[in-house]
Amino acid sequence: MAPSLPSEADLQLLFARLNLQHFHGEIPAYRIAYNSRFSTVAGRIIHKPPLIELSLKHFKRYPERLEETLLHEMIHAWLDAKGMDSGHTPAFKKKMRELGIGSIYHDMGRVEERPSGRRYILKCPHCAMELLRRRRPPARASCGRCSRRKYDSRFQLRVYEVLRVRDLGQADAPELPAPL
């Protein structure tokens, strides 16, 4: 059975302990919370309001990496509290080495997401080029061939067809021929 994750109240206690142990209590109070929507990042810090968010999906899979990720985000908070640039600067990396964290990258990969049930076929009204996309395009998207990579309403891409996806990735319609 996989170990359970600490509650958000326990995360606050862990934050306080790590703050005293590694930062001499110099980090101001931050709320620590899980974010169930994160699938590409393990953690994130927001300075105003003070909040550190941790990926629920990642840490259900890799609970042993939670403390290291919290420390990573706490280094950002510590640098900010000292009035320094809180990015991945040389000062950030030096503190990481002092704490025994090897890399700024979390190396946990992308958490599996639900496959989208739709695919969009977009069509240029000028050259008739068709594109297959997983996401619905923004309202102001134009053909890259016709508009020279800048939005031009004369070449606005239109949703030509919406496909439903069966099983994992097989579309209801045959594949589109490659554009000429």
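The values are calculated or read from the model by the stated rules, or taken from the named source; none is laboratory data. Everything quoted here is computed from the prediction, not taken from an experiment. Neighbour counts are summed over all protein chains in view; Cβ atoms, including those assigned to glycine, are modelled from backbone coordinates with ideal geometry.
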Next on the checklist: Given the condition part of a helix (DSSP H, G or I) and closer than 23 Å to M96 by Cβ, answer yes or no: does some residue in the stretch 45-59 qualify?
Outcome noted: yes
Next on the checklist: Going residue by residue through the stretch 39-53, is there one that turns out to be assigned by TED's automatic domain parsing to the domain that holds H88, more than 23 Å from A91 (Cβ to Cβ) and touching a helix residue (DSSP H, G or I) at 6+ places or on another chain (Cβ under 7 Å)?
Outcome noted: yes
Checklist entry - For residues in the stretch 136-151 being without any contact (Cβ under 8 Å) to a residue 12 or more places away in the chain and within 15 Å of Y120 (Cα to Cα), which is farthest from the chain's Cα centre (by Cα)? => result A139
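Only one residue in E112, E98, E161, E130 is within 26 Å of R65 (Cβ to Cβ) and either surrounded by 11 or more Cβ atoms within 10 Å (Cβ to Cβ) or modelled with pLDDT under 80 (or both), so which one is that? Show your work before the answer.
On the way: E98 fails: either surrounded by 11 or more Cβ atoms within 10 Å (Cβ to Cβ) or modelled with pLDDT under 80 (or both); E161 fails: within 26 Å of R65 (Cβ to Cβ); E130 fails: within 26 Å of R65 (Cβ to Cβ).
Checking each option against the conditions leaves just E112.
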Checklist entry - Can you find a residue in the stretch 28-36 that is surrounded by 12 or more Cβ atoms within 10 Å (Cβ to Cβ), out of contact with any Pro (no Cβ under 9 Å at 6 or more places or on another chain), outside any helix (DSSP H, G or I) and among the polar types (S, T, N, Q)? => result yes
